[in-house]
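First the structure, in the form of structure tokens, and then the observations on it.
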Amino acid sequence: MLQVQGERTGGAAGVALLDRSVAAYEAALRVYTETASPIQWAATQNNLGNVLQVQGERTGGAAGVALLDRSAAAYEAALRVRTETASPVEWA
């Protein structure tokens, strides 16, 4: 929900909401580990990738590229669990 609010809110307030969304997903990843909760972990990695992508698109220059790199890394991490064989719909 914070991501949607951040996307719909302009300026610094929107950025702050997106930052809170990233922090919430990162906090969830401390609980949902790849080993203990792989399905939830992969979903959270995917959601983190989504919000980092939005941040990267809204941020210019090197900082925006760094956010997009983090987004790609989160998506790639999720694919360690969401394989084509094990989870074809999520993988696609």
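Coordinate-derived values only; no laboratory data. What you see is a predicted model; the values in this text were computed from it and never measured. Positions of Cβ are backbone-derived with ideal geometry, glycine not excepted, and every protein chain shown enters the neighbour counts.
Helix-derived [θ] at 222 nm for the chain: sum -39500 (n - 2.57) over DSSP H runs of at least 4, divide by residue count, nearest 500?
-25000 deg cm²/dmol
Could you give the nm distance between label points at ASP69 and VAL4, where each point is 7 Å from its Cα heading toward the beta carbon?
Distance between the two pseudo-spin positions: 3.3 nm.
Indicate the helices, whole DSSP H runs only, in the chain that combine a mean Kyte-Doolittle hydropathy of -0.5 or more with a Cα extent along their long axis of 24 angstrom or more.
11-31, 61-78
Taking other Cβ within 10 Å of each residue's Cβ, how do SER87, SER21 sort, fewest first?
If I rank by nearby Cβ atoms, fewest first, I get SER87, SER21.
Note the full-extension length gain between GLN40 and GLU57 as 0.36 nm times their separation in residues minus their Cα-Cα distance, in nm to one decimal.
Result for the pair: 3.5 nm of gain on full extension.
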